[in-house]
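**Student:** Sharing a structure below in structure tokens format, with a few things to ask.
The values are calculated or read from the model by the stated rules, or taken from the named source; none is laboratory data. Everything numeric here is computed off the predicted structure, so don't read it as measured data. Glycine also receives a Cβ, built like all others from the backbone with ideal geometry; neighbour counts cover every protein chain displayed. Surface areas here come from the heavy atoms of the whole protein model, side chains and all, with no ligands, DNA or RNA. Shrake-Rupley method; radii C 1.70, N 1.55, O 1.52, S 1.80 Å.
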Amino acid sequence: MQTYDFIIVGSGSAGSVLAERLSASGRFSVLVLEAGGSDRRFYVQMPLGYGKTFFDPAVNWNYKTEPDPGLAGNVDHWPRGKLLGGSSSINAMVWIRGAREDFDAWRDAGNPGWGFDDLLPAFKALEDNQAGADQWRGVGGPLHITDCSTSVHPLTKRYLAAANQAGLPLNPDFNGATQEGVGVYQITTRNGRRMSAARAFLRPAMKRKNVRVEINALATKILFEGKRAVGVEYLQNGETKTARAGREIILSGGSVNSPQLLQLSGIGPSALLGALGIPVICANENVGANLQDHVGINYTFKGRQPTLNQILRPWWGKLLVGMQYVLLRSGPLSLSMNNAGGFFRTDPAAARPNMQLYFQALSTVIPKSGERPILTPDPWPGFSIGLSNCRPSSRGEIMIRSANPRDHPKIVANAFSTEADVAEMLAAVKFVRKIASMPAMAEIIEEEVLPGPSITSDADLIQDFRKRSGTVYHPVSTCRMGPDPARAVVDPRLKVHGLEALRVIDASIFPDNITGNTNAAAIMTGWKGAELVLEDQK
């Protein structure tokens with residue numbers, strides 16, 4: 001059995017960063033355990049290829065929620081990356097840091113060092129933003145961020161103009177001084193290829209002699225001597241193996257896998273663990289609790305002008321964009337489905353935006369089984385305006401079903417379980433229709449396809465968004481950070497309360513969700529977490 005200074009469980013958005021930062025000095029040995037396989041796959045590297053990875057069990061955990069009353073009883077599909085790079089290898093690549101107020105609220109909840117001004121240097125240091133450096137953006141860092149403003153579909157300009165006519169300002173940079181307004185999204189790609197955390201951080205680290213990465217290695221239990229974490233048991237190729245850590249064990253499995261591994265190891269709600277016959281190492285009711293997620297819906301329209309549907313649907317169009325991508329690394333396949341978007345307030349009296357917009361110059365009303373229907377759009381010119389809530393008040397939980405680490409945990413999302421979440425979503429979908437009714441869009445809209453013109457009353461609109469909404473893949477807070485062990489799982493230095501040599505460093509530690517896509521903040525958490533770990537080494 002080998003001993004390493006650090007064992008990192010999970011090679012995702014935070015874990016990849018940790019592997020690079022903790023090994024950089026050459027002073028420490030690092031073992032990374034990844035349950036999935038390699039990221040060297042065509043549809044992982046091709047940006048729009050995430051339509052193909054959406055259900056692919058080779059790279060995706062394919063989690064399912066319990067039937068959700070808030071979503072009209074639907075079972076929601078939760079893709080999570082199961083490969084090097086984790087979910088950063090299968091996500092939609094939109095780079096949104098979150099709002100200043102989000103991080104300041106983390107700090108004010110008793111987490112010193114986690115305010116926006118504390119974290120801005122970390123964001124800037126890890127970024128290489130094509131739009132150039134300014135007081136907000138960084139250049140020269142490991143993670144390349146593409147400015148898509150010159151390459152989006154022409155219809156995007158009409159969306160921006162219509163949103164502007166509806167009262168939203170144009171915003172050239174959602175990661176700048178303010179989030180409010182509409183604009184083109186920056187995405188994590190470089191030269192037409194996905195810039196996952198694995199590509200930016202883990203691959204360079206893997207060239208070092210002091211880094212070992214084990215793939216297809218499912219962590220099954222953290223091993224303890226008293227209250228000190230000393231090793232990890234894992235399954236690989238049908239064999240149970242053990243690795244020891246001389247300094248620390250760091251869980252970076254994400255918001256599903258990190259609480260699951262803690263619970264399997266005897267850290268979590270005592271009644272749950274007792275019922276499953278798992279000896280309690282440290283009772284903590286918050287492990288797996290406080291689940292927050294963003295929930296979204298699309299409104300889809302039939303247009304009078306060609307959209308990406310006319311290119312991506314026919315065989316000759318697929319051939320054309322395929323050749324454009326392979327030869328030039330450009331065209332629709334080199335971009336995200338979400339060309340543009342924005343942030344707005346459902347209540348003008350609110351201090352800041354609470355809703356996020358997405359614009360897609362394609363439509364997928366007619367799904368094809370077995371893939372997310374990005375690559376098989378509708379046979380008519382269609383486009384979608386989507387939205388999701390930013391800081392919902394609904395809370396769910398993720399709890400293990402059994403002591404078997406191969407069993408997927410029970411995910412109870414509880415979407416739209418508060419009246420406030422229902423009310424703000426009702427106001428938000430009405431605003432989407434307002435954007436569509438503005439001259440810049442109205443003159444090219446043939447009809448609203450989903451939900452359709454017959455859905456007009458508040459009751460019908462609510463019923464529709466309950467029926468058609470789903471996760472936008474931003475689960476957080478299941479191992480949340482806070483100074484009080486009665487309310488949190490990790491302390492402000494990301495150490496698990498009540499235990500030694502064990503941290504959680506990933507999006508599960510967010511005290512609350514952030515305004516926008518969570519990947520940038522997850523990567524930043526890896527960077528900040530590595531700083532904290534290195535500061536504590538004697």
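**Student:** Can you spot a residue in the stretch 344-351 that is modelled with pLDDT of 95 or more and open to solvent by less than 30 Å² (accessible area, probe 1.4 Å)?
**Tutor:** Yes, there is a match, as at least one residue in the stretch 344-351 is modelled with pLDDT of 95 or more and open to solvent by less than 30 Å² (accessible area, probe 1.4 Å).
**Student:** In the stretch 279-286, is there at least one residue being among the acidic types (Asp, Glu), closer than 30 Å to ARG228 by Cα, surrounded by fewer than 17 Cβ atoms within 10 Å (Cβ to Cβ) and modelled with pLDDT of 95 or more? Give the derivation first.
**Tutor:** Within the stretch 279-286, the first condition is being among the acidic types (Asp, Glu), and the residues that meet it are 285.
From what's left, closer than 30 Å to ARG228 by Cα: 285.
Applying the additional criterion that residues be surrounded by fewer than 17 Cβ atoms within 10 Å (Cβ to Cβ) yields 285.
Next, only the ones that are modelled with pLDDT of 95 or more stay: 285.
Scanning the stretch 279-286 turns up at least one residue that is among the acidic types (Asp, Glu), closer than 30 Å to ARG228 by Cα, surrounded by fewer than 17 Cβ atoms within 10 Å (Cβ to Cβ) and modelled with pLDDT of 95 or more.
**Student:** Being more than 14 Å from SER255 (Cα to Cα) and polar (S, T, N, Q) narrows it down to one of SER454, SER508, so name that one.
**Tutor:** On the way: SER508 fails: more than 14 Å from SER255 (Cα to Cα).
Every option except SER454 fails the conditions.
**Student:** Would the stretch 137-152 turn up any residue that is touching a strand residue (DSSP E or B) at 6+ places or on another chain (Cβ under 7 Å), of a type in the set (Gly, Ala, Ser) and open to solvent by 40 Å² or more (accessible area, probe 1.4 Å)?
**Tutor:** Yes, the conditions are met somewhere in the stretch 137-152.
**Student:** Sticking with this structure for a sec: Within the stretch 162-169, identify whether any single residue is of a type in the set (A, V, I, L, M) and either open to solvent by 30 Å² or more (accessible area, probe 1.4 Å) or under 24 Å from the mean Cα position of the chain (by Cα) (or both), and answer yes or no. Break it down stepwise before answering.
**Tutor:** Restricting attention to the stretch 162-169, the residues satisfying the condition of being of a type in the set (A, V, I, L, M) are 162-163, 166, 168.
With either open to solvent by 30 Å² or more (accessible area, probe 1.4 Å) or under 24 Å from the mean Cα position of the chain (by Cα) (or both) added as a condition, the list becomes none.
Among the residues of the stretch 162-169, not one is of a type in the set (A, V, I, L, M) and either open to solvent by 30 Å² or more (accessible area, probe 1.4 Å) or under 24 Å from the mean Cα position of the chain (by Cα) (or both), which makes the answer no.
Table: residues versus (1) in contact with a helix residue (DSSP H, G or I) (Cβ under 6 Å, 6 or more places away or on another chain); (2) among the aromatic types (Phe, Trp, Tyr); (3) in contact (Cβ under 8 Å) with a residue 12 or more places away in the chain.
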| position | (1), (2), (3) |
| --- | --- |
| LEU83 | yes, no, yes |
| ARG97 | yes, no, yes |
| LYS124 | no, no, yes |
| GLN130 | no, no, yes |
| ASP134 | no, no, yes |
| LYS157 | no, no, no |
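**Student:** Give me the pairs, please: first residue somewhere in the stretch 452-474 and open to solvent by 50 Å² or more (accessible area, probe 1.4 Å), second residue anywhere and assigned to a loop (DSSP other than H, G, I, E, B), beta-carbon distance under 6 Å, and either six or more positions apart or on two chains.
**Tutor:** ARG466/ALA72; LYS467/ALA72
**Student:** Given the options ARG158, ARG190, name the one that is open to solvent by 50 Å² or more (accessible area, probe 1.4 Å) and within 21 Å of GLN45 (Cα to Cα). Don't jump to the end; show me each part of the working.
**Tutor:** Details: ARG158 fails: within 21 Å of GLN45 (Cα to Cα).
One residue alone meets the criteria, ARG190.
**Student:** Identify, please: which residue in the stretch 59-91 is outside any loop (DSSP other than H, G, I, E, B) and in contact with a Leu (Cβ under 9 Å, 6 or more places away or on another chain) and is, among those, farthest from GLN260 (Cα to Cα)?
**Tutor:** We begin by selecting, within the stretch 59-91, every residue outside any loop (DSSP other than H, G, I, E, B); these are 60, 63-65, 68-71, 74, 77-78, 81, 83, 86-89.
In the following step, the residues that additionally are in contact with a Leu (Cβ under 9 Å, 6 or more places away or on another chain) were identified as 60, 65, 89.
Numbers: ASN60: 17, THR65: 15, SER89: 21 Å.
Ranking the candidates gives SER89 first.
**Student:** A further question follows. Please go through the stretch 385-425 and give me each residue that is open to solvent by less than 30 Å² (accessible area, probe 1.4 Å), within 22 Å of THR346 (Cβ to Cβ), out of contact with any Asp or Glu (no Cβ under 6 Å at 6 or more places or on another chain) and of a type in the set (A, V, I, L, M), ordered by number.
**Tutor:** Within the stretch 385-425, ILE385, LEU387, VAL422, MET425 qualify.
**Student:** May I pose another question? Are there any pairs, at least 6 apart or on different chains, whose C-beta atoms fall under 9 Å, with the first in the stretch 275-295 and over 14 Å from SER477 (Cα atoms) and the second among the basic types (Lys, Arg) and not in a strand (DSSP E or B), and if so, which?
**Tutor:** Note: pairs meeting the criteria are LEU276/ARG401; ILE281/LYS227; CYS282/LYS227.
**Student:** Quick check: is even one residue across the stretch 471-487 at pLDDT below 95 and of a type outside the set (Val, Ile, Thr)?
**Tutor:** Step one: of the stretch 471-487, the residues at pLDDT below 95 are none.
No, every residue in the stretch 471-487 fails to be at pLDDT below 95 and of a type outside the set (Val, Ile, Thr).
**Student:** Looking at the structure I just gave you, is LYS52 among the basic types (Lys, Arg), free of Cβ contacts under 8 Å to residues at least 60 places away in the same chain and more than 23 Å from PHE343 (Cβ to Cβ)?
**Tutor:** Values: among the basic types (Lys, Arg): yes; free of Cβ contacts under 8 Å to residues at least 60 places away in the same chain: no; more than 23 Å from PHE343 (Cβ to Cβ): yes.
No: the conditions fail for LYS52.
**Student:** So, VAL59, is that one open to solvent by 40 Å² or more (accessible area, probe 1.4 Å) and more than 28 Å from THR307 (Cβ to Cβ) or not? Full working, then the answer.
**Tutor:** Details: open to solvent by 40 Å² or more (accessible area, probe 1.4 Å): no; more than 28 Å from THR307 (Cβ to Cβ): yes.
Judged against the criteria, VAL59 is not a match.
**Student:** I'm checking my understanding of the structure. Among residues of the stretch 256-278 that are on the phi > 0 side of the Ramachandran plot and touching a strand residue (DSSP E or B) at 6+ places or on another chain (Cβ under 8 Å), which one is surrounded by the most Cβ atoms within 10 Å (Cβ to Cβ)? Break it down stepwise before answering.
**Tutor:** First pass over the stretch 256-278, keeping only residues on the phi > 0 side of the Ramachandran plot: 266, 268, 277.
Within this subset, residues satisfying the condition of being touching a strand residue (DSSP E or B) at 6+ places or on another chain (Cβ under 8 Å) are 266, 268.
On the way: GLY266: 17, GLY268: 29.
Among those residues, the one meeting the criterion is GLY268.
**Student:** Quick test of your reading of the structure: ARG107 fulfils all but one of (1) surrounded by fewer than 20 Cβ atoms within 10 Å (Cβ to Cβ); (2) without any contact (Cβ under 8 Å) to a residue 40 or more places away in the chain; (3) more than 25 Å from VAL256 (Cα to Cα); (4) not hydroxyl-bearing (Ser, Thr, Tyr). Name the failing condition by number.
**Tutor:** Checking ARG107 against (1) surrounded by fewer than 20 Cβ atoms within 10 Å (Cβ to Cβ); (2) without any contact (Cβ under 8 Å) to a residue 40 or more places away in the chain; (3) more than 25 Å from VAL256 (Cα to Cα); (4) not hydroxyl-bearing (Ser, Thr, Tyr), the one that fails is (3).
**Student:** While we're on this one: Please state which of the following conditions GLY115 fails to meet, knowing it meets all the rest: (1) over 19 Å from GLY49 (Cβ atoms); (2) surrounded by fewer than 19 Cβ atoms within 10 Å (Cβ to Cβ); (3) in contact (Cβ under 8 Å) with a residue 40 or more places away in the chain.
**Tutor:** (3)
**Student:** Now for a separate question. Scan the stretch 210-238 and report the pairs whose first residue is closer than 18 Å to LEU261 by Cβ and modelled with pLDDT of 95 or more and whose second residue is open to solvent by 60 Å² or more (accessible area, probe 1.4 Å) and acidic (Asp, Glu), with Cβ atoms within less than 8 Å and a gap of 6+ or a chain change.
**Tutor:** Listed by first residue and then by second, the contacts come to LYS227/GLU500; ARG228/GLU500; ALA229/GLU500.
**Student:** Working only within the stretch 466-509, note down all residues that are charged (D, E, K, R) and in a loop (DSSP other than H, G, I, E, B).
**Tutor:** Step one: filter the stretch 466-509 for residues charged (D, E, K, R), giving 466-468, 480, 484, 487, 491, 493, 495, 500, 503, 506.
Of everything in the stretch 466-509, those that are charged (D, E, K, R) and in a loop (DSSP other than H, G, I, E, B) turn out to be ARG480, ASP484, ARG487, ASP491, ARG493, ASP506.
**Student:** What are the pairs with Cβ atoms under 6 angstrom where one residue, in the stretch 138-155, is farther than 13 Å from ARG190 by Cα and the other, located anywhere, is of a type in the set (A, V, I, L, M) and open to solvent by 50 Å² or more (accessible area, probe 1.4 Å)? Sequence gap at least six, or different chains.
**Tutor:** VAL139/ALA133
**Student:** Criterion first (in contact with a strand residue (DSSP E or B) (Cβ under 8 Å, 6 or more places away or on another chain) and open to solvent by less than 20 Å² (accessible area, probe 1.4 Å)) does ALA436 satisfy it?
**Tutor:** Working: in contact with a strand residue (DSSP E or B) (Cβ under 8 Å, 6 or more places away or on another chain): yes; open to solvent by less than 20 Å² (accessible area, probe 1.4 Å): yes.
Yes: the conditions hold for ALA436.
**Student:** Of the residues LYS82, LYS52, which single one is open to solvent by 30 Å² or more (accessible area, probe 1.4 Å), of a type in the set (Lys, Arg) and over 18 Å from SER508 (Cα atoms)? Before the answer, list the steps.
**Tutor:** Values: LYS82 fails: over 18 Å from SER508 (Cα atoms).
One residue alone meets the criteria, LYS52.
**Student:** Which members of the stretch 12-45 meet the condition of being under 18 Å from the mean Cα position of the chain (by Cα) and either farther than 21 Å from ILE505 by Cα or not in a loop (DSSP other than H, G, I, E, B) (or both)?
**Tutor:** Answer for the stretch 12-45, where residues must be under 18 Å from the mean Cα position of the chain (by Cα) and either farther than 21 Å from ILE505 by Cα or not in a loop (DSSP other than H, G, I, E, B) (or both): SER13, ALA14, GLY15, SER16, VAL17, LEU18, ASP39, VAL44, GLN45.
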